[in-house]
Amino acid sequence: MTQSAAAQKPPATPRRLDPEDAQHALAEVQERLRRQQLVADLVHRQEEGDSKASLVEDLVHRQHEAELKTLLDGLHPADIAFILESLPKDERQAIWKLVSPEHDADVLLEVEDWVRESLIEAMDRQDLVAATESMDADELADLAPDLPPDVVAEVQKGLTEEERAQLLEAMGYPEDSVGAIMDFEMVRVREDVTLEVVLRYLRRLHELPDHTDQIFVVDRQDKLQGILPLSKLLVSEPETEVRGVMNSDFLTLNPLDSDADAAGAFERYDLVSAPVMDDQGRLIGRVTIADVVDVMREDSQEQALSRAGLQEEDIFAPVSTALRNRAPWLLFNLCTAATASFVASQFEGTVSQIVILAFLMSIVAGIGGNSGNQTMTLIIRALAMGRITGRNLWQLVKRELFVTLMVGLCGSLVAALFAWAISHSLSIALVMMAAMICNMLVGASVGVLVPMVRARFGKDPAMGSSVLLTFATDSLGFFIFLGLATIFLL
């Protein structure tokens, strides 16, 4: 852009991006929807056939829609996605119709999968084609599983041969692989040109691809030779050839690598982008920090849900859907709780003679569960980071048991003093102390074994882990405490 053209262009209005902006916008949208519903209810109370009341309702409805549309047009697509995710399905569909068509593609890419399905259902074929035909091949590949096949076929017709090949390639990789998240927009140069030529080439581009921090140096077969950081390009002499300043030591990814492994590499080496090479050494794409942040966020959400035995669901989904998602692990939890109660019932005679035990045994079970949960959280995180190997596993187990033993000794002293204070019995205090130490060790053992065994068999180590831990610490906690009481107190 020339200096005169830049001077004629009005200055852009700066806009501060703040998560609270989306929350304020959500509150405003909900308030306007509430007012709109209030007006509709008042009109319906009027006599049927009252044309004047119907006219008032129509005018107020249009005014509210215009205000909502103005509000939505001023929001970032990510904020619009947040609002849509936070509304019940009928209100979500009403707001989605007011979103400007130019934001449709960006919003569809921003929303969670469970919301995207309902939005796509509300769009007709023509709107879907219009929203997706401007997407890049990697973005279209992300949406393709949720799109009707005829829409995907129609959009493919408008792609170039190269874009069509990229789309098919991206759709062919597993969901949790690097190939599924890589994009194809990147800058490539040859190693035998000067930096001045590279700068002239960059100036001819309309804009650089997002998160471009380095230029990839390739040969005529697209085999990666090195990388040229933009920082080095800007400070080096223009007459210098690319081969003289490029870095030959760089990290590369394979399209079949796990996206979690790629996220770990970005975190470890503070990367902004990384090249993706096939088995022949050809540059086929790149992964950026934006893709990695999405992977980290999704993994974090999945892990939090998995620990409770849940899968991702629409928070406003029908009751039947929620039941299918939640009932299996809740029923399993009911069985484990029944087992713990059965264990306790076998010591009815002990509890009936020493009633105070009924009040103390819940402490033993609860502390064991909390201790095991700490250990389990550390193990699941270490597994996710790839820090646990066959060589350090036993060392890790011994460390966790030792730490739990030390914490248990300190905590059990406090528990023993409490038991002595309310029972005035040294024997009950000692039984309480021994049972708590034993159950904390049980919790630590289960906290290590459950994630490790599930990971060993290729399962999500977090799935249902809390339920299994509670089962172990409750059942064995009751058994240990009441068993010791039966042996030493009766």
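Any idea how far apart ASP150 and ARG381 come out in nm if each label point goes 7 Å out from Cα toward Cβ?
Label at ASP150, label at ARG381, 5.1 nm between them.
Straight-line reach from LYS232: which aspartates and glutamates have a Cα under 18 Å away, not including same-chain ones fewer than 8 places off?
The reachable aspartates and glutamates, counting only those whose Cα sits under 18 Å from LYS232, are GLU191, ASP192, GLU196, ASP213, GLU241, ASP249, ASP270.
Just one of [x] 24.7; [y] 35.5; [z] 31.3 is mean projected area of the Cα convex hull in nm² as worked out from the coordinates here. Which one is it?
Checked against the structure: label [y].
At a Förster distance of 51 Å, what's the computed FRET efficiency of LEU42 paired with LEU168, Cβ-Cβ distance as r, to 0.05?
Numbers: r = 56 Å, r/R0 = 1.09.
Efficiency, rounded to the nearest 0.05: 0.40.
Pull out the extension gain between ASP176 and SER345, defined as 0.36 nm times the separation in residues minus the alpha carbon to alpha carbon distance; nm, one decimal.
Separation in residues times 0.36 nm, less the Cα-Cα distance, equals 56.1 nm.
With θ set to phi - 60° and the Karplus curve 6.51 cos²θ - 1.76 cosθ + 1.60, what are the ³J(HN,Hα) couplings of the stretch 476-484 in order, to the nearest whole Hz, using x for Gly and Pro?
6, x, 4, 5, 5, 5, 6, x, 5
Leaving out ligands, DNA and RNA, and with a 1.4 Å probe, what % of the accessible surface on the chain is carbon or sulfur?
Details: 15750 of 28020 Å².
Its accessible area is 56 percent carbon and sulfur atoms.
Need the full-extension length gain, GLN221 to ASP192, defined as separation in residues times 0.36 nm minus the C-alpha distance. One decimal, nm.
On the way: separation 29, 0.36 × 29 = 10.44 nm, distance 1.45 nm.
Working it through step by step, the gained length comes to 9.0 nm.
Viscosity 0.692 mPa s, temperature 37 °C: what is the translational diffusion coefficient of the stretch 188-308 from Stokes-Einstein with a Kirkwood Rh over Cα pairs, rounded to a whole number of µm²/s?
For these conditions, the coefficient is 209 µm²/s.
For the pair GLU117/LEU208, report the inter-label distance in nm, with labels modelled 7 Å from Cα in the Cβ direction.
4.0 nm
Over the stretch 22-176, average the accessible area per residue using a 1.4 Å probe and give it in Å², no decimals.
Accessible surface, normalised per residue, equals 57 Å².
I want to check the label-to-label distance for ARG243 and GLN30. Put each point 7 Å from Cα in the C-beta direction and report it in nm to one decimal.
In this crude spin-label approximation the distance works out to 6.4 nm.
Could you tell me the relative contact order of the stretch 98-223? Use alpha-carbon pairs under 8 Å, at least six residues apart, and round to a whole percent.
After rounding, I find 20 percent.
Remind me, relative contact order of the chain in percent, using alpha carbon pairs under 8 angstrom and six or more residues apart?
Normalised by residue count, the contact order of the chain is 11 percent.
Any idea of the accessible area per residue across the stretch 188-308, 1.4 Å probe, to the nearest Å²?
Per residue, the stretch 188-308 has 56 Å² of solvent-accessible surface.
The values are calculated or read from the model by the stated rules, or taken from the named source; none is laboratory data. Not measured: the values here are computed from a predicted model. For neighbour counting, all protein chains shown are included, and Cβ atoms are generated from backbone atoms with ideal geometry for every residue, glycine included. All accessible areas refer to the heavy atoms of the entire protein, side chains included, with ligands and DNA or RNA removed. Shrake-Rupley method; radii C 1.70, N 1.55, O 1.52, S 1.80 Å.
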